[in-house]
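Notes follow the structure.
Only the coordinates and a few stated rules stand behind these numbers; no lab work does. Nothing here was measured: the structure is a model prediction, and the numbers come from that model. A quick note on method: Cβ atoms are made from the backbone with ideal geometry, for glycine too, and the neighbour counts reach across all protein chains shown.
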Amino acid sequence: MTNTPPYKLRLGLITATVWKNDSFFSVDFSRSYKDASGHWQSTTSYAHADLLNIAKCAERAENWIARQTNADK
């Protein structure tokens, strides 16, 4: 069985992936880019121009996690 994230969102080149662990959620952020060969890759290194989209993704991920946590109560 593959471990798939319950929530994933993308804003520009930034992706936030939410993972559900046994007792909490965690979030990974990545940035997509094309390498010299034209193939899509991803990295966890960010430029200044990426920071606003990371912040927006973080806020949306936090809102989603809060809704899930409240729904479980």
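Only one of (1) on the phi < 0 side of the Ramachandran plot; (2) free of Cβ contacts under 8 Å to residues at least 60 places away in the same chain; (3) not aromatic (F, W, Y) fails for Q68. Which number is that? In the conditions (1) on the phi < 0 side of the Ramachandran plot; (2) free of Cβ contacts under 8 Å to residues at least 60 places away in the same chain; (3) not aromatic (F, W, Y), Q68 misses (2) alone. For the condition out of contact with any Ser or Thr (no Cβ under 6 Å at 6 or more places or on another chain) and in a strand (DSSP E or B), what is the one hit in S26, S45, S30, S37? After ruling out the rest, the residue left standing is S26. For segment 1-34, what are the residues that are more than 24 Å from T69 (Cα to Cα) and touching a Cys at 6+ places or on another chain (Cβ under 8 Å)? Matches in segment 1-34: I14 only.
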